[in-house]
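Beneath this line is the structure, given in structure tokens, with notes to follow.
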Amino acid sequence: MGASFLGAFAELLAPSICAGCSGPGQGLCEACQRLLPSRVWPAEPPEGCRSAWFVAPYDHVLGGAWRRGKYYPDPTAVDAVVRATRDAVVGLPRVDAVVPVPQDWLSSFRRGFNPVDRLATSVAEELGVEERRLLKRRRGPAQASLGQRERLDAAMAAFRMREVQSPERILLVDDVMTTGATATACASELLCAGAREVHLLVVCWAFA
């Protein structure tokens with residue numbers, strides 16, 4: 001009785017909202033869940049990637065949920081997107097390992113968790129392969145402030161391998177694809193380390 005009362009009181013002070021539409025709900029409301037894709041979709045792969053796949057466009061409810069989870073920050077919103085992505089990963093190429101794109105460590109420290117790592121772990125479990133954190137990231141300028149050529153130059157300088165050797169077939173996992181600079185830079189490192197194929201999976205594709 002006491003726990004139930006406290007839960008109701010907490011809900012009164014800070015009511016739960018849907019991560020996708022900001023209406024009432026926990027995680028994603030029923031209306032937003034009906035909009036979730038049942039599969040991933042192919043897209044034009046960035047340079048260095050054999051194929052590229054996305055779950056939803058950036059302006060979809062999943063994009064809104066991811067932005068809330070990442071910038072609010074709200075781990076419940078991130079977990080809702082992670083579950084939706086895991087349910088949609090059918091038809092992907094066969095791979096040996098899932099590799100997350102490393103995030104800025106300071107941002108992850110301030111947030112208290114790493115959204116892309118959560119995403120990669122869940123996808124690897126669903127595919128039945130290992131997750132390998134093969135890449136490391138150096139701090140640099142925020143890519144949102146850079147043009148396309150500058151983004152690629154900055155990305156190529158930002159990522160390095162943690163290990164000497166890469167598995168042959170890699171699924172590179174990131175949250176959002178815009179210019180493709182990050183994926184190209186990460187794929188370049190993995191291919192130089194021995195990968196034969198690098199495939200890309202993102203939650204959202206920000207079409208130009």
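The values are calculated or read from the model by the stated rules, or taken from the named source; none is laboratory data. What you see is a predicted model, and the numbers here were worked out from it, not measured in a lab. Cβ placement follows ideal geometry from the backbone for every residue including glycine, while neighbour counts extend to all protein chains displayed. The accessibility values were calculated without ligands, DNA or RNA, using every heavy atom of the protein model including side chains. Shrake-Rupley method; radii C 1.70, N 1.55, O 1.52, S 1.80 Å.
Brief remarks on what is shown
- About the Cα centre, charge dipole magnitude for the chain (Lys/Arg +1, Asp/Glu -1 at Cβ), debye: 400
- Placing 17, 170 in order of accessible area, with the largest value first and a 1.4 Å probe, yields 17, 170.
- A 1.4 Å probe run over the chain, with the rest of the protein chains in place, finds 52 Å² accessible per residue.
- When 188, 22 are compared by accessible area at a 1.4 angstrom probe, the order from most to least is 22, 188.
- Projecting the Cα positions of 135, 60, 116 onto the charge dipole of the chain (unit charges on Cβ atoms of Lys, Arg, Asp and Glu, taken about the Cα centre) puts 135 furthest along the positive direction.
- Local electrostatic count, residue 82, Cβ distance below 14 Å [Lys/Arg +1, Asp/Glu -1]: -4
- Computed over the chain, the per-residue total of -39500 (n - 2.57) for DSSP H runs of n ≥ 4 gives a 222 nm mean residue ellipticity of -12000 deg cm²/dmol, rounded to 500.
- Taking Lys and Arg as +1 and Asp and Glu as -1, the other residues whose beta-carbon sits under 11 Å from that of residue 196 total -1.
- Under 17 Å from the residue 87 label point (7 Å along Cα→beta-carbon), backbone N, segment 101-123: 119, 122-123
- Within the accessible area of the chain (1.4 Å probe), percent carbon and sulfur: 54
- Most to least packed among 189-201, 119-131, 28-40 [average Cβ atoms within 10 Å]: 189-201, 119-131, 28-40
- With K and R counted +1 and D and E -1, the other residues having a Cβ less than 13 Å from that of residue 129 yield a net charge of -3.
- Mean shadow area of the chain over all directions, Cα convex hull, nm²: 12.7
- The GNM of the chain, with springs linking C-alpha atoms under 10 angstrom apart, assigns the highest mean-square fluctuation among 64, 91, 20 to 91.
- Only protein heavy atoms count here; on that basis, with a 1.4 Å probe, residue 53 has an accessible area of about 40 Å².
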